[in-house]
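Single-structure report; data block below.
The values are calculated or read from the model by the stated rules, or taken from the named source; none is laboratory data. This one's a predicted model, so the numbers in the text were calculated from it and none came from an experiment. Cβ coordinates were reconstructed from backbone atoms using ideal geometry, including for glycine residues, and neighbour counts include every protein chain displayed.
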Amino acid sequence: MHSQGEMTYEPTKHHRRSIRLRGYDYRQAGAYFVTLVCKNRELLFEDDRFRAAVEDAWRWLAEQYEFVSLDEYVVMPNHLHGIIEIRGACRGGSRTAPTLSASGGKPLGRLVGAFKTVSTKRINGIRGTPRLPVWQRNYYEHVIRNDDELDHLRQYIIHNPANWGEDRENPDNVRVVREPPLPDWP
């Protein structure tokens with residue numbers, strides 16, 4: 001028996017399926033495409049002050065972490081698309097060839113978390129709403145595997161603003177699922 005307010009764990013109800021690659025080391029050198037969406041798809045970044053805060057926080061990642069560089073990115077009315085490159089550290093002694101190793105830094109998820117924290121604090125400072133969530137809990141990521149994918153994703157990011165009308169994050173495109181009407185009983 002549980003006291004009032006205490007919840008029991010139900011695996012079918014409370015399980016969150018991970019979208020990350022099982023066994024993949026997200027600290028390793030490589031390029032990653034990420035999408036972060038505002039809480040409730042709120043059109044927060046239509047306000048230029050909040051958009052600027054997000055852009056500043058995004059650039060902060062590369063300034064804060066020497067093993068991070070940023071490629072194309074775009075801040076849309078309620079989400080951000082960006083490419084993050086995690087660079088490896090060169091290792092090798094005087095008699096060994098340098099090899100590329102894992103960065104030894106933060107994994108992608110921690111970098112995204114740092115960005116979310118910094119951008120949320122900046123936005124909440126502007127609007128005077130401490131601790132109000134700005135971002136959805138999770139984010140989408142894709143490990144970029146080759147130059148063709150990188151070029152394709154760069155073009156996607158560059159052209160994304162022109163496609164806002166068809167964007168699946170555009171609240172105008174989210175379909176509301178309604179319950180079917182109850183049958184009329186005789």
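For the range 106-134, residues that are modelled with pLDDT of 95 or more, farther than 15 Å from A62 by Cα and touching a helix residue (DSSP H, G or I) at 6+ places or on another chain (Cβ under 7 Å) total 6. Considering only residues in the range 43-80 that are in contact with a Pro (Cβ under 9 Å, 6 or more places away or on another chain) and of a type in the set (D, E, K, R), the one that is surrounded by the fewest Cβ atoms within 10 Å (Cβ to Cβ) turns out to be E46.
Rundown of residues vs (1) assigned to a loop (DSSP other than H, G, I, E, B); (2) modelled with pLDDT of 70 or more; (3) touching a Cys at 6+ places or on another chain (Cβ under 6 Å); (4) among the polar types (S, T, N, Q), yes/no style:
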residue: H2; (1), (2), (3), (4): yes, no, no, no
residue: G5; (1), (2), (3), (4): yes, no, no, no
residue: K13; (1), (2), (3), (4): no, no, no, no
residue: L36; (1), (2), (3), (4): no, yes, no, no
residue: A53; (1), (2), (3), (4): no, yes, no, no
residue: D56; (1), (2), (3), (4): no, yes, no, no
residue: W60; (1), (2), (3), (4): no, yes, no, no
residue: V74; (1), (2), (3), (4): no, yes, no, no
residue: I83; (1), (2), (3), (4): no, yes, no, no
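Against the conditions (1) within 16 Å of the chain's Cα centre (by Cα); (2) surrounded by fewer than 18 Cβ atoms within 10 Å (Cβ to Cβ); (3) hydroxyl-bearing (S, T, Y), T129 satisfies every one except (1). Taken over the range 128-145, residues that are in contact (Cβ under 8 Å) with a residue 12 or more places away in the chain, within 17 Å of I86 (Cβ to Cβ) and not in a strand (DSSP E or B) amount to 1. The number of residues in the range 38-51 being closer than 15 Å to V75 by Cβ and either of a type in the set (K, R) or assigned to a strand (DSSP E or B) (or both) comes to 4.
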